[in-house]
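The values are calculated or read from the model by the stated rules, or taken from the named source; none is laboratory data. Predicted, not measured: the structure shown is a model, and the values here were computed from it. Note that each Cβ is placed from the backbone with ideal geometry, even for glycine, and that neighbours are counted across all protein chains shown. Side chains are part of the model used for accessible areas, which takes the heavy atoms of the whole protein and leaves out ligands, DNA and RNA. Shrake-Rupley method; radii C 1.70, N 1.55, O 1.52, S 1.80 Å.
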Amino acid sequence: GRLRARLRRLPRWWPLPLCALLGAAGGASYGLLEPPRYAATSYVVVVPAKGSDPAGALGLTQAYGRVATGGEVLTDAHQAFGVPIAALRVGVRATASPDAPVIEITGTAHDPRTSAKLANAVARSLTRTGNDTAARTGAALLVLSRASAPADPVSPSVPLSIGVGGCAGGLLGGLLLLVRPRERQQTGLSAGCAGVVPAPAPAASGAVPAAGEAVR
């Protein structure tokens, strides 16, 4: 009862700053406890053979973009360059350009050198796999640009994590403010309807007499 009385004395907008403060605290904890992550990118280009249609290289680019993170390429990268297969499956993604025969391979890890090693290993393995079938596809693969160890992490910094957490908490507090008045209004309407009993209708002055009196 005392707790409810104290809560009633608080202003109606008290959930907004509380949720924002909790969200900012959660963002700060994430930014401080989560280790930074680094991303390095290498580029592979699809070169059509002489006499072949250059437009066909774009279609092969999309196909090789899907194959880049497949089991055959990752297994070859693991065996040829000694990179752990689990790190390759989790930390490597490939994106094929829609308007150019270029495949972007990005490696992500907690260490900058490891991220570059992941990207370069997959890029080399992809070129080896594509060049083995170059006679049938009519296109060869070349490493256009090798990945280098990045200097700055790609994970959000502590101030950014605090800002994102505070905004998310403030949004949640605003939703609570929108829900609370509706619940109070519905509760008041239900209580009022339950406590009101309709009174009997008064008899009209010109009412028709009862059947017994009419016979008399």
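Using mean Cβ contacts within 10 Å as the protection proxy, how do 128-136, 55-63 order, highest first?
On the way: 128-136: 13.4, 55-63: 16.4.
With the highest mean Cβ count within 10 Å placed first, the list reads 55-63, 128-136.
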| said: Under the rule of at least 5 residues apart or a separate chain, name every residue whose amide H is placed under 5 Å from the amide H of residue 110. | reply: 38
| field | Unit Cα scatterers, Debye sum, segment 1-132: log10 I(q)/I(0) for q = 0.09 Å⁻¹ | value | -0.45
| residue 2 paired with residue 177, simple spin-label distance in nm, labels 7 Å along Cα-to-beta-carbon | 3.0 nm
| Simple spin-label estimate for residue 75 and residue 144 in nanometres, 7 Å along Cα-Cβ | 2.9 nm
| Can you give the net charge of the other residues whose Cβ lies under 14 Å from the Cβ of residue 123, counting K and R as +1 and D and E as -1? | +3
| task | Skip the ligands, DNA and RNA, and give the accessible area per residue of segment 38-145 with a 1.4 Å probe, whole Å². | result | 50 Å²
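For segment 38-145, what % of the accessible area comes from carbon and sulfur atoms, probe 1.4 Å? Spell out each step's value before the answer.
Working: 2990 of 5430 Å².
Roughly 55 percent of what the probe reaches on segment 38-145 is carbon or sulfur.
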